[in-house]
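Enquirer: Can you read through this structure? Questions will come right after.
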Amino acid sequence: MSTGSKGDAPAGEALLADGEAALAAGDSERAFDFLTRAAEAGVNPNVVHRLATAFATAGRYQNRHSDVLAWIDRSIDGAPHDRIIRAGLLRARVAVCRQLDLKRVLDLAEEALTAADEAGHEEAYASVLAHAAFAAYRRGDPRAAQEFAERARDRAFNTPAAHYDAVRSQMFAAITLGDLEKELELAVKARALARDQNRPADVANESNNLAEAYLELGYPTEALRCAETSVEVAREAGHVSVMVFGHVLIAAARAEGGDIDHALEEFDKVGPIDANRIFAVDFASTHAYWLLERNAAGYSQRAREIAERAIERAESAGVVNRLTGLHANVARALGREGQDERARDALESARLAAESAEPRAQSLLALAVAEVLPVSAPKRRVALRNARAAVLRAAARREDPSAYCTRVRLHRRILELSGGVPDDLPNAS
């Protein structure tokens, strides 16, 4: 593939225009084909950054990240010393790496931010901040996520696209800190901005973010509504991975609402999402948890196998924030299979990963400790006491602490195991 120094540049640019038009029409499969051919034909240097942005977008929609990254890496090596072109290519590389290798995103972020700054390319700058904040969140690094969010908050952005990414940076930092109300507020704002800018694929993605926030807060009905919107809009926009994960969230919302059997049937219908390793890890974590909650014959072994495969993927992609929850699922499954020693080893792995875990994972770890260790074990009592205190502290910040404690199954289980759900749940402060 060429960046334009060789090949048929006019033909490449015609294919680029066709690819951009197909993307706008919601046909990402056709767009990816046009843009692949444009990359092979080559384009003039002054439009390489356009090709990089469109190709990266189509690759993300079609889960073809590796194919695009290979072209971007070659293009960076052969790119002329033009600031705009370089900023666009570095931005596209960060965007593609976000789906493949989170550590690499953080390693590449500062170079891409510097290039965007020097080129005066605020949209590239804001986009890289959003990707870097996301990577920090997934790597379990709240300090880094906050730093990227602060840079987004403190900078004046003039274009709507840059403003959208600045909001997303702050949303990822809020998730990392467990500030669910702030996360919800920013997700609502991000979706509104995407709608205003006529960006349907991003509307679908933000609808999934909203669904996840509503699930965490104890509102499965609202989560279901947002996930259904995501699936519908993503299908029209051609965003395959977001559409598939929308189905995962629909099933999770139904499980949280009490219909676990129906939800597990829907999980089984979810198509393969291995090309997007981050979504694959998220799906596995959710699926294994609900299999364990249903606890039917053979479900423990199946949950363990799903979680064990996901641990390998999470480690290779750097999705560190999910490791504690995955190891906790493995420990619970092994405990039910009577493999006590292996269950304790899995508990220790969960504990070692907990420093980088998301806030929810601490409750998953405590639940695993409660199931694996004897009732008389001091470590069990301590884990449940600490988890109970954390749930009730968080409930005191919620607008509806009852929903947070009684309509989120994980929190309710922790409270039930540690003395019951209080009648006088804390009011929001």
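Enquirer: Of the listed values (i) 74, 44, 36; (ii) 91, 44, 36; (iii) 66, 50, 34, identify the label whose number matches Cα extents along the principal axes in Å calculated from this model.
Expert: Among (i) 74, 44, 36; (ii) 91, 44, 36; (iii) 66, 50, 34, the one calculated here is (i).
Enquirer: Another question, if that's okay. Let me know the Kirkwood hydrodynamic radius for the range 314-427, please, with Cα pairs as the basis and the value in Å to one decimal.
Expert: Taking the inverse mean of 1/r over all distinct Cα pairs, the range 314-427 comes out at 14.4 Å.
Enquirer: Taking the 0 to 90 degree range and rounding to the nearest ten, how far is the long axis of helix 299-317 tilted relative to the main principal axis of the chain, both from C-alpha atoms?
Expert: 40
Enquirer: Taking 8 Å as the Cα distance limit and 6 or more residues as the minimum spacing, I'd like the relative contact order of the range 292-429 as a percentage. Intermediate values should be presented prior to the final figure.
Expert: Numbers: 184 pairs, mean separation 24.8, N = 138.
Dividing the mean separation by the residue count of the range 292-429 yields 18 percent.
Enquirer: Helix 65-78 against the longest principal axis of the chain: what's the angle in degrees, Cα atoms only, rounded to the nearest 10?
Expert: It works out to around 40 degrees.
Enquirer: Where does the chain land at 222 nm, in deg cm²/dmol rounded to the nearest 500, when only DSSP H runs of n ≥ 4 count, each adding -39500 (n - 2.57), divided by all residues? Present the calculation step by step, with values, prior to reporting the outcome.
Expert: Numbers: 22 runs with 333 residues, N = 429.
Calculated from helices alone, the mean residue ellipticity at 222 nm is -25500 deg cm²/dmol.
Enquirer: If you don't mind, another one. Which whole-number percentage describes the relative contact order of the range 296-370, with Cα contacts under 8 Å and a sequence gap of 6 or more?
Expert: Values: 96 pairs, mean separation 25.1, N = 75.
RCO, the range 296-370: 33 percent.
Enquirer: At 7 Å along Cα-to-Cβ for each site, give me the label-to-label distance between residue 185 and residue 385 in nm.
Expert: Going by the 7 Å Cα→Cβ label model, 3.5 nm.
Enquirer: I've got another one for you. How far apart, in nm, are the 7 Å Cα→Cβ label points at residue 268 and residue 156?
Expert: Between residue 268 and residue 156, the label points sit 5.9 nm apart.
Enquirer: Defining a contact as two alpha carbons under 8 Å apart and six or more residues distant in sequence, what relative contact order in percent does the chain show?
Expert: 10
Enquirer: In the neighborhood of residue 73, defined by Cβ-to-Cβ distances under 12 Å, what is the net charge if each Lys or Arg adds +1 and each Asp or Glu adds -1?
Expert: Neighbour charge sum, excluding residue 73 itself: +1.
Enquirer: From the square roots a ≥ b ≥ c of the eigenvalues of the alpha-carbon gyration tensor of the range 38-182, which class results: rounded (a/c under 1.5), prolate (a/b over b/c), or oblate?
Expert: Prolate is the answer for the range 38-182, as a/c is 1.5 or above and a/b outweighs b/c.
Enquirer: Cα centroids of the range 117-185 and the range 316-380: how far apart, whole angstrom?
Expert: Taking the Cα centre of the range 316-380 as reference, the centre of the range 117-185 is 31 Å away.
Enquirer: Using only Cα atoms, tell me the angle between helix 359-372 and the longest principal axis of the chain; keep it within 0 to 90° and round to the nearest 10.
Expert: Value to nearest ten degrees: 40.
Bear in mind that the values in this text are calculations on the coordinates, not laboratory data. In this text the structure is predicted, and so the values were computed from the model without any measurement. So basically every Cβ, Gly included, is an ideal-geometry build from the backbone, and we count neighbours across all protein chains shown.
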